[in-house]
Every structure is written in C-alpha cells, then in structure tokens.
1. Relative contact order, percent, of segment 2-167 when contacts are C-alpha pairs under 8 Å separated by at least 6 residues?
2. Compute the distance from the alpha-carbon center of segment 28-49 to that of segment 56-109, in whole Å.
3. What number of lysine-lysine pairs in segment 2-167 show an alpha-carbon separation below 25 angstrom, given a sequence spacing of 8 or more or placement on distinct chains?
4. Which of the peptides 108-114, 64-70 is most tightly packed, and how do the rest follow, judged by the mean count of other Cβ atoms within 10 Å per residue?
Amino acid sequence: MKTLKHILSRYTAFLWAILKPLGPWGVLLAAVLDGAAFGLPIDLVVGGYVSQNHRQWLIYVLLAAVGSALGSLVIYGIGFAGGEELLRKRVSPARFAKLHDAFEKHPFWSLMFPAMLPPPTPFKAFVLASAVAEMSISHFLLAIFFGRFVRFAALAALVIYLGPGAVGAVRIFFSHHFHWVLLIAIAGVTTWLIVRRRRSMRQHSELPDHTQG
C-alpha cells in the first residue's frame, strides 16, 4: 500500500511539473487527454490547481469541463465509426440493452448523469453508447460539459473548504460506496423525470379543446 501511494505521489508530482508552466491551460490539456482515454487523474489536476489559487476556481472548472467534452469526441468518433461491437465487448448483453434503451428515450440525461460521477463510473462506455445511438454532436458536447461542470464545481468547493486532501477522500469514498451512491443518484433522477412527465401530462390535459363546439 505504501509503495502504491509513493508511486501515485511521484506520478502526480511529475504531472504537476509538466502542467504548472502552462498555467490554466494545463487544466484544459489534461482534461482533453483524459477525455480522449489517456487516463490522466483529472480530479487531482483540477484539485491541485484550485488549491494553488482559490480565486480562479471557476476558470479551472470551465476549462476542465470544456476539455473533457472536446477530448471525448475521440471516443465518440470511434463509436460512430463502428463502436457497437466494441461496446458489446465492454458490457454484458443486458447492460448493452439498457444503455441502448436509455439513449433512445433520454439521450441527454443518459450522458450528462454519468459525466457528473467520478471514477469508478465506466464513463467511456456511456460515450460509446451515445455514439452508437447517433446522438447529435451538439447535445453530446453540452451533456458532457454540464455534467463535468457540476462534478468539478463540487470538487472545487470541497478543496476550498476542506483542503487538497478532499480529492483523495472523495476518490476513496466513491470507490468503497460507489454502488450506493449510484443507486441514490439513479433514484433521484428517476423521481425527477417522473415528476416532470406528470406535470407535462397535467398541463397538456388542462389545455382547452378547440375541436369541440
């Protein structure tokens, strides 16, 4: 365990040494590379920048959200060019059917919601699924941007109020309690969608019927 922590700290220091001279643009670069499946610890990068300069937290969050959306276009391109077979290899048949059904009914929320969650969320699978479902590029970019913005804004708030150690604490928490967090989040989103649909149906039923009389 100590060896793993030592390797992680050395890797983080090495990455920080490369990104720091780039200023805020280092956040954008790291987010693009992470979104394109290079697997950078983007939470540590954003948290590191915010801890160094609290006043510019919004800039870091915006750049990270934009970078994640742009970088994910690489995965989208792979999925659009023939990612159904690749996606089937990554998930079970039942999971594939659920993803396909979700993107058919609610494509925007089916991508934005996973974009909000940190690892170990299998976000790349959702990106592939959105491409297989031929989600529009504009909705694709907006869904990831807003999802990542919520995620990084929450992370920035934790770092500002709790210190840099909040990043590691969040990662450990989600690793140990990911299923419970996922179930609660799904229940919340499902409840919101049901309420929204019922309000829409109620408003539609209250419209005057001009076909009579």
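1. Working: 214 pairs, mean separation 44.4, N = 166.
Normalised by residue count, the contact order of segment 2-167 is 27 percent.
2. 16
3. Numbers: 5/20; 89/98; 89/105; 89/124; 98/124; 105/124.
Final tally of qualifying lysine pairs is 6.
4. 64-70, 108-114
Values quoted throughout were computed directly from the atomic coordinates according to the rules given, and no laboratory measurement underlies them. Here the structure is a predicted model, which is why all the values come from computation and not from measurement. Methodologically, a virtual Cβ is constructed for each residue, glycine included, from the backbone with ideal geometry; neighbour enumeration extends over all protein chains shown.
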